[in-house]
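To keep things clear, I will list the structure first and then write my remarks on it.
Read the figures in this text as sums done on the coordinates, not as results from a lab. These numbers come from a predicted model, not from an experiment. Positions of Cβ are backbone-derived with ideal geometry, glycine not excepted, and every protein chain shown enters the neighbour counts.
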Amino acid sequence: MEELTRTYLEAVSDEIAGRKDALLRERFDELHPADIAEILDRLELEEVQYLWKLIDLEERGDVLIELEEDVRERLLASLTNKEIVEEVLEHIDSDDAADVVSELPEDRAQKVIQSLDNEDREDLLTLLRYPEGTAGALMGTELIRVELDWTVSHAIREMRKQAEEVETVHSVYVVNASGQLLGRLSLKRLLLTATSTRSTIGDLFEEDDTRTIKVDAPDEKVVQMMKKYDLVALPVVDDHNRLLGRITIDDVVDLMEEEAEKDYQLASGLSDDVESDDSLWELTRARLPWLLIGLFGGLAGAYVIGAFDIERFPSMALFIPLIAAMGGNVGVQSAAIVVQGLAAGRSPRDARLVPRLMKELSLALLNGTICAAVILCASLALGYGWNLSVTVSLALIAVIIFAALFGTFVPLTLDRFKIDPALATGPFITTANDIIGLIIYFGIGVLMAA
């Protein structure tokens, strides 16, 4: 696609204003649905609605699911129930259809579902029953399956029918008469190994180590399995190993992107998923809680400073920003390492995680010693005196070690209580370390003055 510059967008807007439909259709015929969505994301709603009618009917659903969430919501609100069914749901996979319907208001979602034919309605209702965050909520029902006792000719006829609903054939799954998954069959083996069309799938099939995932497994496990085994599709089964659907790599990439955005927002002190063009109230609700935590943390820090007789040792105030900053930085670094390990699927009992934690603590001790030596030499060189220089150095070592411990165990504790450990890499760690770092600093100051 031509680079999406201001000039390009202005050209599109001018063509819309001039009702140059032929030019717009020609422009969009050459673009991938994701590129079209990128253009629509940058236009006004009225322009989006106009262009929507010019997009090829078969591509509209693919364009819609690529749109930014707020643009998609506004576009869906402008479409009738019939248009949502005929222009969107009938042209996308069942997992994407379930995502679209779940974004609609509940009363409207029910009306849209009732407008579907019986088979599509049943598939959609089945997918919507699975809780968010599970493999069932990620999977689609479009796949190619053959039964063990089918003849080759029967299997090929059935595969042709099933392929009408499948955009990309990742695997041919073999099931028994009860629908239990037995494994996969390669197209090469099906077409080249059969001695006659009366051969059965059982004659061709050889059991393999097909990886599966339970329908109620958390989506994090889906990501871990597909990454570990380099899978492009993962079959989903129930407790009786009956084949229910499949999860494809594009679904996992979208999930990873969403999780990365969520973790980044938590680390940045945003409690909700927000966009820059959200309402003032939504942006305030997402940011204010952590700002208030920082505010009360600052008040607590001021109380700690006030409780210490700073007038007796006014020079100690010069190093307050240094102590607070170092504690916060070390805490966030340690928390980030642990969160990374947890995200990779390592539990606190993982044999690889414990040595890593010990290494993190050893690193904190080494870094603390080096930083303390640097600040000791610098303080003495600047003429702050032996007592103050030693006080700051000892406090720095203690604060760095504490921050490393705190940053290590807070995400582990959050994970144990089923709270997103990415929360630990945000303002929570820095605020807590500021307060406790000051307590350690002034506590050492009191001991040195005694």
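Compactness ratio for the chain: Cα radius of gyration over 2.2 N^0.38 Å (N = residue count) comes to 1.32. Applying the Karplus relation 6.51 cos²θ - 1.76 cosθ + 1.60 with θ = phi - 60° to region 202-219 yields 3J(HN,Hα) values of x, 5, 9, 6, 10, 4, 10, 9, 4, 7, 10, 9, 6, 5, 9, 5, x, 5 Hz, where x marks Gly and Pro.
Taking amide H atoms as placed 1.01 Å from N in the peptide plane, the amide H of residue 172 lies under 5 Å from those of 185, each 5 or more residues away in sequence or on another chain. Computed from Cα positions, the angle between helix 69-78 and the longest principal axis of the chain comes to roughly 40 degrees.
The lysines within cross-link reach of residue 111, meaning a Cα-to-Cα straight distance under 19 Å and a gap of 8 or more places when in the same chain, are 82. Taken one residue at a time, the phi angles of region 157-173 give Karplus couplings (6.51, -1.76, 1.60, θ = phi - 60°) of 4, 5, 5, 5, 5, 5, 5, 5, 9, 10, 6, 10, 8, 7, 7, 10, 8 Hz. Gly and Pro are set to x.
Relative contact order for the chain: 11 percent, from Cα pairs under 8 Å spaced at least 6 residues apart, divided by residue count. Backbone amide hydrogens, once placed in the peptide plane, bring residue 55 within less than 5 Å of nothing, excluding anything fewer than 5 places away on its chain. Its DSSP H runs of at least 4 residues, each contributing -39,500 (n - 2.57), put the calculated 222 nm mean residue ellipticity of the chain at -19500 deg cm²/dmol, to the nearest 500. Each Lys and Arg Cβ is given +1 and each Asp and Glu Cβ -1; about its Cα centre, region 6-128 then shows a dipole of about 580 debye. With contacts taken as Cα pairs under 8 Å at a separation of at least 6 residues, region 280-449 carries a relative contact order of 39 percent. If only the Cβ of Lys and Arg carry +1 and only the Cβ of Asp and Glu carry -1, the dipole of the chain around its Cα centre is close to 2880 debye.
Length gained on full extension, residue 420 to residue 114: 106.5 nm, using 0.36 nm per residue less the C-alpha separation. Under 17 Å of direct C-alpha separation, and excluding same-chain neighbours fewer than eight residues apart, residue 227 reaches these aspartates and glutamates: 209, 219, 250, 251, 254, 257, 258, 259. Considering Cα pairs under 8 angstrom that are at least six residues apart, work out the relative contact order of region 144-248 and quote it in whole percent. Averaging sequence separation for qualifying contacts and normalising by length gives 26 percent for region 144-248.
Straight-line reach from residue 228: taking Cα to Cα under 18 Å and skipping same-chain neighbours fewer than 8 places apart, the lysines in range are 214. Shown in residue order for region 224-237 are the 3J(HN,Hα) couplings computed by the Karplus curve 6.51 cos²θ - 1.76 cosθ + 1.60 at θ = phi - 60°: 4, 5, 5, 6, 5, 9, 6, 8, 9, 8, 10, x, 10, 10 Hz (x for Gly and Pro).
Using the Cβ-Cβ distance between residue 227 and residue 34 with R0 set to 30 Å, the FRET efficiency from 1/(1 + (r/R0)^6) comes to roughly 0.85.
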